[in-house]
Every structure is written in structure tokens, then in C-alpha cells.
Ligand code: CMP
């Protein structure tokens, strides 16, 4: 059953560029409610754990180095049809393919430094949200 929740994280390139405010504004204006949020940083080991599913991919080591290179902003978001609507809001993984006006179209630098993550299923949203927010107060 759909949970109406998704997980996102603003990635180091977008935090570094000073785009936390612009991106969270777009998220809220698109109708999502922020249920949990923090500014944090991953060690390369924790980044490796988060992206375990991509372990066999050629870009895995670079991705872990990049994702642990600076601060990130993980969030749990709520909205009806959250997974699908959020993926539409952020656009394609490769910013060159991201539709005009999407977050990645506006803020991503490359396929790796692509500004923001969005969960691809209810199951992964639960796993990814717990990765950052297990044990913290839920609103
Ligand atoms: P995301 O979909 O949030 O999670 C997996 C990440 O891997 C993806 O964003 C990109 O940051 C990165 N990624 C995906 N495909 C490639 C690729 N071909 N080259 C480099 N990085 C990639």
C-alpha cells in the first residue's frame, strides 16, 4: 500500500552552491510537507552503505567519495502520490535529460552531482528514511 511518504536528500553540490533554501521552497510549493529534516555529513563508509545497491556499478567509488565530500540535507516528505510526484519534481537522473523547471534541470551540475535524491519506491523510502532518522521523533 502506498504510504504517501518519500525520502529525499539535497546533495553536496547543491548545499555547497547555497541552494538549500531555493530547493526546499520548490518542494513546499509543490505541496510536500517536510516531516523530518537535518543538515549532516556522511562518512565514505556510511555513503557506501546508503548506496549498497549500486556496489557493482562502475561509478560506485566516485559516488561514495562525492556523497561524503560535503554536507547534505536528508528529509522525509509527505504528500499524496509522493514517490511519483517527487520524481517528477526533481527530473531525470542526468540533468541533460531533466525536463525544464525541474530541480535537477535548475540546480544539478552533472549526472553524479545531480543536486538531489528521490526514493524510487515506498519500500526504499522507508529504508532510506530510517537510515537517517531511525529513533528520532516523528511528527
Ligand atoms: P540517485 O538516483 O539519487 O542515486 C544514485 C546516484 O548515482 C544518482 O543519483 C547519481 O548521483 C549517481 N549516478 C547514477 N548514474 C550515474 C552515472 N552513470 N555516472 C555517475 N553517477 C551516476
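The values are calculated or read from the model by the stated rules, or taken from the named source; none is laboratory data. Keep in mind it's a predicted model, so treat the numbers as computed, not measured. Cβ placement follows ideal geometry from the backbone for every residue including glycine, while neighbour counts extend to all protein chains displayed.
Are any of the residues in the stretch 103-125 modelled with pLDDT of 95 or more, touching a strand residue (DSSP E or B) at 6+ places or on another chain (Cβ under 6 Å), surrounded by fewer than 19 Cβ atoms within 10 Å (Cβ to Cβ) and part of a helix (DSSP H, G or I)?
To start, the set of residues in the stretch 103-125 that are modelled with pLDDT of 95 or more comprises 103-125.
Filter once more, keeping what is touching a strand residue (DSSP E or B) at 6+ places or on another chain (Cβ under 6 Å): 103, 116-119, 125.
Applying the additional criterion that residues be surrounded by fewer than 19 Cβ atoms within 10 Å (Cβ to Cβ) yields none.
Within the stretch 103-125 (the criterion being modelled with pLDDT of 95 or more, touching a strand residue (DSSP E or B) at 6+ places or on another chain (Cβ under 6 Å), surrounded by fewer than 19 Cβ atoms within 10 Å (Cβ to Cβ) and part of a helix (DSSP H, G or I)), the answer is no, since none of the residues qualifies.
Give just the number: which of (1) in contact (Cβ under 8 Å) with a residue 24 or more places away in the chain; (2) within 13 Å of residue 115 (Cβ to Cβ) does residue 81 not satisfy?
(2)
Give just the number: which of (1) within 11 Å of the ligand (Cβ to nearest atom); (2) in a helix (DSSP H, G or I); (3) over 14 Å from the mean Cα position of the chain (by Cα); (4) without any contact (Cβ under 8 Å) to a residue 40 or more places away in the chain does residue 87 not satisfy?
Residue 87 satisfies all of (1) within 11 Å of the ligand (Cβ to nearest atom); (2) in a helix (DSSP H, G or I); (3) over 14 Å from the mean Cα position of the chain (by Cα); (4) without any contact (Cβ under 8 Å) to a residue 40 or more places away in the chain except (3).
Going residue by residue through the stretch 57-77, is there one that turns out to be surrounded by fewer than 16 Cβ atoms within 10 Å (Cβ to Cβ) and within 27 Å of residue 3 (Cα to Cα)?
No, the stretch 57-77 has no match at all.
Pull out all pairs, ordered by first then second residue, where Cβ-Cβ is under 8 Å, the residues are six or more apart or on different chains, the first lies in the stretch 111-126 and is more than 23 Å from residue 69 (Cβ to Cβ), and the second is part of a loop (DSSP other than H, G, I, E, B) and within 10 Å of the ligand (Cβ to nearest atom).
Taking only residues 6 or more apart or on different chains, the pairs are 125/119.
Search the stretch 25-50 for residues being surrounded by 14 or more Cβ atoms within 10 Å (Cβ to Cβ) and either part of a loop (DSSP other than H, G, I, E, B) or without any contact (Cβ under 8 Å) to a residue 12 or more places away in the chain (or both), and hand back the single one that is nearest to the ligand (Cβ to nearest atom).
42
So, in the stretch 1-24, exactly how many residues are free of Cβ contacts under 8 Å to residues at least 40 places away in the same chain and within 16 Å of the ligand (Cβ to nearest atom)?
Summing the residues that are free of Cβ contacts under 8 Å to residues at least 40 places away in the same chain and within 16 Å of the ligand (Cβ to nearest atom) in the stretch 1-24 gives 0.
Criterion first (closer than 20 Å to residue 52 by Cβ and either in contact with a helix residue (DSSP H, G or I) (Cβ under 7 Å, 6 or more places away or on another chain) or assigned to a loop (DSSP other than H, G, I, E, B) (or both)) does residue 136 satisfy it?
Numbers: closer than 20 Å to residue 52 by Cβ: no; either in contact with a helix residue (DSSP H, G or I) (Cβ under 7 Å, 6 or more places away or on another chain) or assigned to a loop (DSSP other than H, G, I, E, B) (or both): yes.
It is false that residue 136 is closer than 20 Å to residue 52 by Cβ and either in contact with a helix residue (DSSP H, G or I) (Cβ under 7 Å, 6 or more places away or on another chain) or assigned to a loop (DSSP other than H, G, I, E, B) (or both).
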